[in-house]
1. Residue 143 versus (1) exposed (fewer than 13 other Cβ atoms within 10 Å of the Cβ); (2) more than 30 Å from residue 182 (Cβ to Cβ); (3) at pLDDT 90 or above: which is the lone unmet condition?
2. So for the range 91-105 (the condition being surrounded by fewer than 15 Cβ atoms within 10 Å (Cβ to Cβ), touching a helix residue (DSSP H, G or I) at 6+ places or on another chain (Cβ under 9 Å) and on the phi > 0 side of the Ramachandran plot), does at least one residue qualify?
3. Go through the residues of the range 43-54 one by one and say whether even a single one is at pLDDT 90 or above and either loosely packed, with under 10 Cβ neighbours inside 10 Å or in a helix (DSSP H, G or I) (or both).
């Protein structure tokens, strides 16, 4: 009798995990589609490579928002907005000072404009959200990410400092989201996961 109870509970647990994984995949697919729709711009699509989307990071945001009890619709909106900001930050990182010919200057200007365009989309989307603590933490994260980028570019004194800068740049949006939503127990998992990248 006890063994039957145990087996039934395992099956229920497996079913819940399957449902969670399916729901996570549906939300992920919806967010990817929303991001692609939001980022579509004829000139940028013609002249630039498609931005790289970090699916692992995207799914961590979904996990954080799900754990915080946020509705699936709101999870999709928030994750889309934050991932667009991540793309904006990544796009600005593509700017280089190499070359001064007309084509290189045009490409450099286009990359800067694309990053600004993506940032504008992010701010436009977040203007509709009413979670001030989350907005404040995301603003902190963006500020700190840019500070760590300066450190990584100009103040690296050791491999450890470089690794720390990369970890902070990769995880601050996630960590500040955890802090804002009271899901700080996920911070260690995020650090562990991203430190091995």
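1. (2)
2. yes
3. No, every residue in the range 43-54 fails to be at pLDDT 90 or above and either loosely packed, with under 10 Cβ neighbours inside 10 Å or in a helix (DSSP H, G or I) (or both).
Residue by residue, here is whether (1) part of a helix (DSSP H, G or I); (2) within 18 Å of the chain's Cα centre (by Cα) holds:
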{"position": "136", "(1), (2)": "yes, yes"}
{"position": "139", "(1), (2)": "yes, yes"}
{"position": "142", "(1), (2)": "yes, yes"}
{"position": "145", "(1), (2)": "yes, yes"}
{"position": "150", "(1), (2)": "yes, no"}
{"position": "156", "(1), (2)": "no, no"}
{"position": "163", "(1), (2)": "yes, no"}
{"position": "171", "(1), (2)": "yes, yes"}
{"position": "175", "(1), (2)": "yes, yes"}
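The values are calculated or read from the model by the stated rules, or taken from the named source; none is laboratory data. In this text, all values refer to a predicted model and were calculated from it rather than measured experimentally. Cβ atoms come from the backbone with ideal geometry, glycine included; neighbour counts cover every protein chain shown.
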